[in-house]
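Inspection log for the structure reproduced underneath, given as structure tokens.
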Amino acid sequence: MAENHYENPPLTISKIGIIGAGVSGIAAAKQLYHHNPVVFEASDSIGGVWRTCAYNSTKLQSAPKDYEFSDFPWPNRDDPSFPTHVEIVDYLESYAKHFDVLKFVKFNSKVMELRFVGQQGTTELGGNGGAFGSPLPGHPVWQIAVQTNGSQNLQWYAFEFVVVCIGKYGDIPKIPSFPHNKGPEMFQGEVLHSIDYCKLDKDAASQLLKGKKVAVIGYKKSAIDLAVECAEANQGPEGQPCTMVVRTLHWTVPHYSVWGLPFFLFYSTRASQFLHEKPNQSFLRTMLCYLLSPLRRGVSKFIESYLLWKLPLRKYGLKPDHPFEEDYASCQMAIMPENFFTEADKGNIVFKRSSNWWFWKEGIEFDDNTKMKADVVILATGYDGKKKLKTILPDPFRSLIEYHPSGIMPLYRGTIHPLIPNIAFVGYIESVANLHTSELRSMWLARYVDEKFKLPSAENMLEQIYKEMEVSRRITRFYKRHCISTFSINHGDDICEEMGWNSWRKRSWFAEAFSPYGSQDYRLKN
């Protein structure tokens, strides 16, 4: 945490401060527009990870109409192709300009520290049940230290309410731990994290990979894209194969169609989500879920049968041992690039399954006593979003952002921590479409800030959070990822009801039951 430059720093006082100008940050700024929020963005542009942590080949995982704001459709929303990261940044910039939110953004302004100056007693359970006071109490509750344009001097701001939108990705890499004398320092080649690779331009990336023995550690979307870029850079007789070191397998899909049926029918309609457990369900619904569990497992098997027919997963030893629905329930399903297995068939991508590995001077050694020579090792091992929060949050709040043993940050409606007053977190829960999730929560947050409704007591909020965590724990072994995909429509219903909206958003009962839910369903009618 940064050292305070002033005991009593000079302050610039405003009502609402927003940290981060990625998808969640600009969504929050738009919904809180009438409060003239101050938005701090560490880089020189909006877009978050889409701008700062995207490869040359990075694309969206869905069609445009499944990743758009409710009141700002894509101009080509019916195009089935997946937009590139450049097109997504252009869309986000168009949205920000259209709704005039760029005027709130302070670029090259990195938040270094938050200081709580409100009443500490509001975080305690007891007395009034831990109920929060007014979200805008009329006086500053948080102070924020900001470093502008790399200056060593900190500028201090004070706010009645703060919205944290720095997300879980893109800043602090998650680096594996290694035994003594078996870490990267022993390796004679080059080691970098995917976040470092993101910063390379196309020529520099190609130069790093071309003609090199490259090992990519991981098997999620970023690792898969990296392997494809490596294979494309190593075409021809001088090329070297890229080795993917796979610790945990996950299901991948080639497109959003299964045996000719649209994928949304299986998980993204109200009827399909009726098969899955949700928090706060009645005894009758619990019994019905139990009785329909064979059908739910049958849907998963049906999808798995298609994937095993369509993709050579068995051929390359890439068939996961767990059901498909567990990956979907933990938001770990990834779209496989079209040419991934084509490159594997040509020998440009090879696979090594290993639970444990470490470095030796010429490459990587595995727990089966085999070794692999390498020139470059790229760690596609994810990011430590909670560490980012811990660097700026003060005590005692720093210790509250992780709920043990799951490690999930306990957030009511995916936004409010019941024990941290006058602050919200947007972009920390995953769903089918994270842009839609962030926008809906920003709508809810704006109405909460305007006191259109009141929060339950801290005990009741925590009870609701624990129920969601327990549902995730029962349906997937990867429950430590906070994902609501299998009950996202029900989650949206709860948010709508709290805001005083009708939770059923379709025009007919048939559409309500069998058509997919998306951002357009939550558009406010003028």
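The values are calculated or read from the model by the stated rules, or taken from the named source; none is laboratory data. Given the structure is predicted, the values throughout are model-derived calculations rather than measurements. Quick reminder, even Gly has a Cβ in these numbers, built from the backbone with ideal geometry, and neighbours come from all protein chains shown. What goes into the accessible areas is simple: the full protein's heavy atoms, side chains included, and nothing from ligands, DNA or RNA. Shrake-Rupley method; radii C 1.70, N 1.55, O 1.52, S 1.80 Å.
Counting only DSSP beta bridges with both residues in the chain, tell me the antiparallel percent, nearest 5.
45 percent
Secondary-structure-derived ellipticity at 222 nm for the chain, considering helices only, amounts to -8500 deg cm²/dmol, per-run term -39500 (n - 2.57) for DSSP H runs with n ≥ 4. Candidate cross-link partners of Lys106 among the lysines, defined by an alpha-carbon separation under 18 Å and a same-chain spacing of 8 or more, comprise Lys15, Lys30, Lys97.
The modelled label-to-label distance between Ser57 and Lys387, using points 7 Å beyond Cα along the C-beta direction, is 2.7 nm. Need the C-alpha centroid separation for region 447-478 versus region 147-211, integer Å. Measuring centre to centre over Cα atoms gives 32 Å.
Based on C-alpha pairs under 8 angstrom that are at least 6 apart in sequence, region 328-430 has a relative contact order of 11 percent.
The GluC sites (Glu not before Pro) of region 260-341 meeting both criteria, a DSSP state outside H, G, I, E and B (loop) and at most 13 other C-beta atoms within 10 angstrom of the site's C-beta, are Glu338. In order along region 236-243, phi translates into HN-Hα couplings of x, x, 8, x, 10, x, 9, 9 Hz, rounded to whole numbers, per the Karplus curve 6.51 cos²θ - 1.76 cosθ + 1.60 with θ = phi - 60° and x for Gly and Pro. Of Met499, Met287, Met112, Met244, the residue with the largest accessible area leads and the full order is Met287, Met112, Met499, Met244 (1.4 Å probe). Simple rule: put +1 on each Lys or Arg Cβ and -1 on each Asp or Glu Cβ in region 418-526, find the dipole, and look at Asn502, Ser442, Ile429; the Cα lying farthest toward the positive end is Ile429. With the largest listed first and rounded to whole Å, the semi-axes of the equivalent ellipsoid of the chain from the Cα gyration tensor are 37, 30, 22. Multiplying the residue separation of Asp203 and Asp44 by 0.36 nm and subtracting their alpha-carbon distance yields 55.0 nm. Database remark: amide H of Val163 closer than 5 angstrom to the amide H of Gly17, Ile18, Ile19, Ala424 (H placed geometrically; neighbours at sequence offset of 5 or more, or on other chains; Pro and chain starts carry no H). In terms of the mean number of neighbouring beta-carbon atoms within 10 Å, the peptides 463-476, 42-55 order highest first as 42-55, 463-476.
Distant-in-sequence amide contacts of Thr12, defined by a placed amide H-H separation under 5 Å and a gap of 5 or more residues or a different chain, comprise Trp156, Tyr157, Ala158.
Close amide H contacts of Gln240 (hydrogens built in the peptide plane, cut-off under 5 Å, sequence separation of 5 or more or a different chain): Gly211, Lys212. 3J(HN,Hα) along region 267-274: 9, 10, 10, 5, 5, 5, 6, 5 Hz, from the Karplus curve 6.51 cos²θ - 1.76 cosθ + 1.60 with θ = phi - 60°, whole Hz, x for Gly and Pro. In terms of its Cα atoms, region 487-526 spans 28, 25, 16 Å along the principal axes, sorted from long to short. The mean of 1/r over all distinct Cα pairs in region 139-215, once inverted, gives the Kirkwood hydrodynamic radius of 17.1 Å.
Give the separation of the Cα centroids, region 381-433 to region 222-272, in Å. Cα centres, region 381-433 to region 222-272: 29 Å. Taking all protein chains as present, what is the carbon and sulfur share of the accessible area of the chain, in % to the nearest whole number, probe 1.4 Å? Exposed carbon and sulfur together represent 52 percent of the surface. Screening the chain for whole DSSP H helices with an alpha carbon extent of at least 15 angstrom along the helix axis and a mean Kyte-Doolittle hydropathy of at least -0.5 yields 85-98, 221-233, 293-310, 434-449. Sorted on the mean count of surrounding Cβ atoms within 10 Å across their residues, most packed first, peptides 516-524, 431-439 read 431-439, 516-524. Placing R0 at 45 angstrom, the Cβ-Cβ distance between Arg353 and Thr148 gives a FRET efficiency of 0.40 after rounding to 0.05. Building the convex hull from the alpha-carbon atoms of region 355-407 and averaging its projection over directions returns 5.8 nm². Distance between the pseudo-spin-label points of Phe453 and Trp360 (7 Å out from Cα toward the beta carbon): 6.0 nm. For region 252-306, which chymotrypsin sites (Phe, Trp or Tyr not before Pro) pass both filters: DSSP loop (anything but H, G, I, E, B) and at most 11 other C-beta atoms within 10 Å? Filter output for region 252-306: Trp259.
For region 370-513, the normalised intensity computed at q = 0.12 Å⁻¹ comes to -0.58 (log10 of I(q)/I(0), Debye sum over alpha carbons, equal scatterers, no solvent). With a cut-off of 15 Å on the backbone N, no residue of region 508-522 is near the modelled label site 7 Å out from Leu291 along Cα-Cβ. Might you tell me the accessible area per residue for the chain, computed with a 1.4 Å probe and given in Å²? With all protein chains present, the chain gives 45 Å² per residue.
What the phi angles of region 180-195 give under the Karplus curve with 6.51, -1.76 and 1.60, with θ = phi - 60°, is a coupling list of 4, 6, 9, x, x, 5, 7, 8, 7, x, 9, 10, 8, 8, 4, 5 Hz, glycine and proline written as x.
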